[in-house]
Each structure stands twice: as C-alpha cells, then as structure tokens.
Amino acid sequence: MRTQKYTFAGLFSDRELEQFIVPEIQRDYVWETSDVADLLGYIREGYDGGEADVPYLGFIYAYGDRDFVYKYFLIDGQQRLTTIFLMLIAGYVHAGKKIPEYLFDRGQLKLDYKVRQSTHDFLSALVKHCLQGTLAPDFSIVDQVWYHDEYKNDRSIRQMISNFTFIRNWLNEINDVPSFIRFIEERLELSYFDIPDGRQGEDLYIYMNSRGRHLEPNETLKARYLARVDDKKYWGAKWELWQDLFWKFRLHRPDADEGFNDFLKMSQLIEMAHQGLASDVISGYARGATDQTLLPEQLPEKVEDLQKLFEAYQWLIKSTIVKEFFKKHEKEENYLLLTPPADRAQIFYFRLLPIIVFLAETGCRVETVVMRFIRFFYNLSRKRGSIGKDIGAQLVVAIRLMQEYSRTESDVFDVCNLIAYQKRRTTLIDDEEVRKLSLYKQPPVGLTRLELESLFWAVEDHKVFEGQIGFFLWQYSDAETGAYEHDLFLATWAMFQKLFQEESEGLIVMALLHYGNTWVRESPFYYVNYNCADWNGMVQTERGVYLMQLLEDLALNGWKNLDNIITKKSGQYLKARGYITVAAIKEETDFYKQVKLLAVLDYFSENEMFPEGYYHIANDGRYNCKSYGDKPFFTNSVVIHNIKRYIDSGLNGRVIHDLSGLLKSETKVQLLIDEILAAGRKRR
C-alpha cells in the first residue's frame, strides 16, 4: 500500500489491502469506554462543525510480508482502528443497513486479530451475528450461544464487549445515524505509513506537506527511529503505547500530539546537556527563544534510551504522591502535564528534567527516595536571589549534576549524597543546602531524619522564606562544630508562625522600629522608597537579625506580646534620646528617626501610619510641606510619604497630612509624650 493520506473507507477499500492484522506481538485492545467516548466526541464535533472541522485520526503504521500478500500487520493504530471498526458495525446495525464488504468480505474480517485465536473467533462471531439484521434493545453478547466462557479471560474481548455496548447506547444521541456513518467513512481522515517501503522521515515530511498536511514532529521521529531498528513490530507497538499515554493524559488538548511533542522537547533538552552544548544554546531552546524544531541529532540516538526517558516521565505523571505534591505547591495536580508558558518554561524544566534523568538512569522507583529529589529541586527553584537570577545556566547544571550522580552512585540512592557533588556547583548546592543535607544524613541525638525534614520543609514552604531558611538555620546551627539547637529553632519558628497568623503586618512593622532599620529599598530609585514589610528581602539579608531579636524576645525572653514591647520600648526610646518635649522632637534631622518618632506618636493616637496593606515609607526631596500648604512639623521639614506605591499623590498618603490633626497642636503632642513616658498611655 502507498504511504499517503486516506479517508477511512478509502483505506479499507484499497485494492492492495486484503486485511489489516493485529499480530501476536501486539498488546490487547485496552481502550476504556472513556477513551471511546473521547474519540467519538471528537468525531461528532467535526460532524456538527461542517467543512471547517474535518476530524483527523492521526497516523497508522503497518508493514507487509512476502508470505502474506495484501495483508498488512499493524504496529500502530490498533486502538483507534478497532474502535472505529466497532463503531461502524454498530452503526450499520442501528441503521438497519447491510454491513459493507470493505469491513467484512466473504467471511473474512478486514481488521483481524491474531493476538490470540479466541480474539479472532469472538470478533468474527460478533460481526456474523450483526450481519443477520438489527439487534434487540436488550441484546446481550454474553447471552449468545456463540459466546464462550473462556472469553472472560481475554482482555481484548472484554473491552470489545464493553465498548460495543457503550457505542450502541451512544448512537441513540445521533439523530441521523446513516449520515453520521457516511461522515466517518468519507470525511474522517488518517495517514497510512508503510514501514518497509524505505521512506525516511525527511521524505515523508515533504510528501505530506505537499498535500497540505503538516506532519507532527513525533510522527516524523517515529519513522526515523523505526527505520533504524530491526524489530519494527516490537518498537512500533511500544510507540503506540507512548501515544496512548499522551492521548489519555491530553487534558485540554484536542489530541496526543502536543503532549508527545512536549515530552520529546524535554528529551532533547536532556540530550543537549549530555552532549555538552553551551548553556545559552540550551537555555534559548528551553525558553522558546530559538527555533523549536525537534532535531534528531539532538535527541537520544537509540530508541532504547528514549524509552527510558519515557518510562521515567510516565511514572512521574501517574504517581499519586507526585500529583499531590504539585497540587499542594502549584495548585495543579496535573502540573507536569501542562505545557508551561514561555516566561516560566525554564523553572518548569528545572523542576522536572533532573528528576527524569535520575529515574531514567537509575531505574529507581522508591517514592520516598524520588520525592526527596523532587523536593530538593523544587525548593531550589524558589530561590530568586541565586537560582532565579541565572535559571538558564542552572538548569543545565542541574541536568548534568543528575547525569553524573546517576552514573556514579549505585544501589542506594539518597539526596544527601549530593553533598559530594558541590564542587563547581556552589550556586546549586550552596552552604545552606549542604548543612540541611548533612543534618538529614546524620541527625543529632534524639532526632530522626523525618522530624528534621518535616520541620525544615515547613519553614521552606512559608511564603516569607521561599525555600531559603538560613534565617533560622544559621541562628541555631553551626556547620563547623555540628551543633544544632533544635528546641530553640522550634520555639522561634512557632512564634514566627503565630506572629504572622495572628497579628497585622503593620503592628510587626511598628515593633521592628524599636530593634533596627529593617526596611528594604525598592525601585523607582529617583527618590527614597522603602518597603517596611518586605519580609523575604529582610530575612535573606543582615536586616533579618532585628526580626530574630523580636522573635526571641517573644518566644524566649518573656515579653508577652507586641503591644507590651511597643509600649515599653516607646517610653524607653523617648527617655533615652531626650525626646521629652515637642521642641526636642522637632529638632530631629535624621529621616529614619523622624519616621520612628511619628510612628510612636501615631501608635498611641491616630493609628493612621501603617494601615493594612500600606507599609511603604517614601521621602521625595522634590517636594516639601509648603508646596502642599501644610505647616512643617520638624524644623528640618521633610515630607514623609506613607504609601503602597509612591506616585505624585498630592495630599493623599502623606504621614504629615494624616497626622495633621495631632501635630498642629503642640499641646496635644506634649500631653501624649508625657503619657508615653509615664507608661500610662494605652493604645487606642
């Protein structure tokens, strides 16, 4: 038969075709009713849509044999062809029409099963029975005299019975069944590829494109791989299994092609790293910045190596524990099946490709072991300050790390062993990761690895830390001596959670003013603009020491709550600095101290300075109080803006303006100062 595109009836009526045979090497007919429903629904969309929506069934691969002239042995397409075959048999019976010869000619099935004799016998008996005319509504295959008990053990037969029954019921939804049958026969298109005819991938690509059909990359690559192997039947069946997986897990996609092509892109990225291509080349391909053509020379040379990658990917997307992990962290249990948007592609690949390499190279399928590696790379991907700044290069480093690790380690696989691979990878495996892995590998006396992992993972997952827990780890762990203070870690971590769950962030900002300047400078930089509640920026820098002091005061040093701290420290601050009169306060020239003084006065009076969501302090030297018509409060008149994002906002958002009701009366301010110093003032 010629390699070309056919209608369904055209393929089965071809004068060079006597039979399509499903050979012994092939697997069973395994499609579930859900798969059948998907395919029939897809065809019906085309039927309802008219000329613009001609359904395409994809590629069918087969080979001929000199000893069996005009018989072609399927190596890909069994599930689809069998389903359409059953559909047409049921459709003709439903319509009360004779089954045409192109489906059953002179007692011979045009689609025959040689997987087992029982499968052939059953399908032949079913079609012969249907030739007798219409079936009663309550017709049951298992009640027929030609049905044998041994058929119960044949999986293909069980699925044929289930799907034939489903199709009969489904046809009741079609108003004009004869018209629907003609649509399938005359409009449903598929492409037949004859394996032994010598065509290579490039020839087939040109051939199909010349007829208006753009060949999918996975189809071209299949032809290439099958042309290079001796056992085409075996690998053709394997490839069909792969296609079925992407059909079943296609999600929102219309067919299996997009998922299959995406997997092949992942395989190409892995092979590019293995071949030693430059990081910028690999990164450009990953993020979609360069030509996205799948190149055979940059894919695994052997189909056996591609199979290892496929089996690794298949295990990941089927694993319940992996689904649950990404559902928790990415709010999407099918995260690994989604084609990532361009701006996140490299993060997606960073999280996934090293794991595929590990699974493919080691064959490890122990869930606890694999999940620790998944956790490791996922956590690294959240580190904006290191990994995130150079994700393209680090993606390549991560792939090559797992290639080296998987080919070096043997028998026992443990993420902790990555410590030995830190050299030249200090961004990927930094000191913090080494310290955590060291503690996991040799937990302190009285602790288990699971206890430490549970604690550290919980901290990593908190939105403030984004995977980096050095804030706690270096406070209570010493890499040189190995000392680790677990109880103190637990106490301050518990206080941290309580603080950020029960208190407003504005109150935390206020309390921190009494420990030190925790503000983080933000853009735009043409004026002074600070974020007072950039917690992640704070805990990843030396400014985090002030937050740690606050936590330890609350958790370890007996301070009752934030209000208690702010009240006592406010009085101490005013007294120690000599801010006991309005005149003394107004002479302050330092911007930070001016903000702190206004915050103290505001805390015990107006409560306007840190309303929910407004934790920015800005000082724009282009403006002053007089330009707004306000009387300056400080002798050195500085306009202090308290806004979420500073834009020229006029009167809105300026602390001086918000506190004008208090500040315009020096008598009120002095009374407030006196009460704070006497610790007799309560927060409003």
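Values as computed for the structure displayed
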| item | result |
| --- | --- |
| The chain: translational diffusion in µm²/s, Stokes-Einstein, Kirkwood Rh over Cα pairs, 37 °C, 0.692 mPa s | 106 µm²/s |
| Angle between the chain longest axis and helix 257-274 axis [Cα atoms, degrees, rounded to 10] | 70 degrees |
| Overall dimensions of the stretch 251-429 as given by Cα atoms, namely Rg and Dmax in Å | 15.2, 46 |
| With eigenvalues of the C-alpha gyration tensor scaled by 5 and rooted, the stretch 110-157, Å | 19, 14, 8 |
| Percent of beta bridges antiparallel (DSSP, the chain, rounded to nearest 5) | 65 percent |
| P(r), alpha carbons of the stretch 388-440 - 5 Å bins starting at zero, rounded % | 4, 18, 30, 24, 18, 5, 1, 0 |
| Dimensions (Å) - the stretch 1-109, Cα atoms, principal axes, largest first | 44, 28, 27 |
| 0 to 90° range, to nearest 10: angle between helix 544-555 axis and the chain longest Cα axis | 80 degrees |
| 10 Å-binned pair-distance histogram of the stretch 4-238 (Cα, whole percent) | 7, 31, 37, 20, 5, 0 |
| Nearest 10 degrees, 0 to 90: helix 345-362 Cα axis against the chain principal axis | 60 degrees |
| Cα lying deepest toward the dipole's positive end in the stretch 4-238, options Gly58, Leu17, Ile161, charges on Cβ | Leu17 |
| 11 Å beta-carbon shell around Ala479, net charge (K/R +1, D/E -1) | -2 |
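Quick note: the coordinates plus some simple rules give every number you see, no bench work behind them. All values reported here derive from a predicted model rather than from experimental measurement. For neighbour counting, all protein chains shown are included, and Cβ atoms are generated from backbone atoms with ideal geometry for every residue, glycine included.
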